1. With respect to L113, determine if the residue is assigned to a loop (DSSP other than H, G, I, E, B) and either in contact (Cβ under 8 Å) with a residue 60 or more places away in the chain or surrounded by 13 or more Cβ atoms within 10 Å (Cβ to Cβ) (or both).
2. Every residue in region 118-145 that is surrounded by 15 or more Cβ atoms within 10 Å (Cβ to Cβ) and assigned to a loop (DSSP other than H, G, I, E, B), please.
3. Test R90 against the stated conditions and say whether it is part of a helix (DSSP H, G or I), out of contact with any Gly (no Cβ under 9 Å at 6 or more places or on another chain), touching a residue at least 24 places away in the same chain (Cβ under 8 Å) and of a type in the set (D, E, K, R).
4. Counting only residues that are at pLDDT below 70 and touching a strand residue (DSSP E or B) at 6+ places or on another chain (Cβ under 9 Å), which one in region 146-174 is surrounded by the most Cβ atoms within 10 Å (Cβ to Cβ)?
5. Please go through region 95-110 and pick out each residue that is touching a Phe, Trp or Tyr at 6+ places or on another chain (Cβ under 9 Å) and not in a loop (DSSP other than H, G, I, E, B).
6. Name the pairs: first residue in region 41-61 and surrounded by fewer than 15 Cβ atoms within 10 Å (Cβ to Cβ), second residue among the β-branched types (V, I, T), Cβ to Cβ under 6 Å, at least 6 apart or on different chains?
7. For region 67-84, give me the residue count where each residue is more than 19 Å from the chain's Cα centre (by Cα) and either surrounded by 12 or more Cβ atoms within 10 Å (Cβ to Cβ) or in a helix (DSSP H, G or I) (or both).
8. Which of the residues that make up region 106-120 are modelled with pLDDT of 95 or more and either among the hydrophobic types (A, V, I, L, M, F, W, C) or farther than 17 Å from K88 by Cα (or both)?
Amino acid sequence: MTDATPLLARVQMPEKGVFAVRCPHAGFAKGQEVVVNLGYGPDLGTVLGVEAYDPAVHGASVPGYQLVRAKTDEDARTAAANVANARKLRAAFLPLAQEVAPDVRILYARLSLGRQRLFVWYACPSRRCDLVPAAKAFGQREKLQVFVRQLGPRDEVGMLGAMGPCGRPCCCATWQTRYPAGLTPERVRECASAQPNGICGRFKCCLAFEE
C-alpha cells in the first residue's frame, strides 16, 4: 500500500445494507456514526471497518460513494426531526397505498438525513402488490424520492420482532441473517419433526444451523 492508495470504509445503513465508500482518512472507528453520500444526498450510517482499496477484493474501480464526516450534534437534531416528518409522510402515503391494496400495512418509514429520500417497507398479506407507481406519484407531490420494498412473512417478523415456538425471541429478529435453504422433507423431519415452521409460517431459521 502506498500513500496514494485510497481508503474504503464499510458502512451499514439503517435498512441493513452495507456499502463500501471512499474514506478521507483512517481515523474512523468501528461503530462510529457518520454522514455518507450514497448518490441521493447525505444520510447516516455506521462504520463497520476501514481498509485500503484492493482491486482484487473491491472491484476494478474505486466506489463513487463517499464518507463525508463524522456525525455532529446538528446531524442528530436533524435526524430526530426527520422521525416526526417520516411519520407524517407515512400517514399521507398510506391512503395511496390502500388504493392499490386495501390490506397493505406500512411497517417502516424513514427519511434520509438530507430529506431527499423516503424509505418505505410494507407488507400485504393477501398477495404481492406493486406500490412503485403510487410511490412515484407521491414522490412527485412531495418533491422527494420514495423507495418502497415489500416484505415477506419472514422479513416482517425479523423487523417487528416476536417470540418463537421455543419460547425465545425469534432468531431473525435478534442475530441471524442466514435462512435455511434446500431443506428436503426428510431433513425437516430429522431436525424438527414436531414443529418445523416458525410463527411466520416458513421453516424455522434455526434449521440453517442444525447439523
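The values are calculated or read from the model by the stated rules, or taken from the named source; none is laboratory data. Please read these numbers as outputs of a predicted model, since none were measured by experiment. Positions of Cβ are generated from backbone atoms using ideal geometry, with glycine treated the same way; all protein chains shown enter the neighbour counts.
1. Working: assigned to a loop (DSSP other than H, G, I, E, B): yes; either in contact (Cβ under 8 Å) with a residue 60 or more places away in the chain or surrounded by 13 or more Cβ atoms within 10 Å (Cβ to Cβ) (or both): yes.
So L113 fits the description; yes.
2. Those that are surrounded by 15 or more Cβ atoms within 10 Å (Cβ to Cβ) and assigned to a loop (DSSP other than H, G, I, E, B): C124, C129, L131, L144.
3. Numbers: part of a helix (DSSP H, G or I): yes; out of contact with any Gly (no Cβ under 9 Å at 6 or more places or on another chain): yes; touching a residue at least 24 places away in the same chain (Cβ under 8 Å): yes; of a type in the set (D, E, K, R): yes.
So R90 fits the description; yes.
4. Of everything passing the filter in region 146-174, E156 is surrounded by the most Cβ atoms within 10 Å (Cβ to Cβ).
5. L96, A97, R105, I106, L107, Y108, A109, R110
6. Cβ pairs passing all conditions: A52/T5.
7. At the first step, the residues of region 67-84 found to be more than 19 Å from the chain's Cα centre (by Cα) are 68-78, 81, 84.
Then drop every residue that is not either surrounded by 12 or more Cβ atoms within 10 Å (Cβ to Cβ) or in a helix (DSSP H, G or I) (or both), which leaves 68-71, 73-78, 81, 84.
Final tally of qualifying residues: 12.
8. A109, L111, L113, L118, F119, V120
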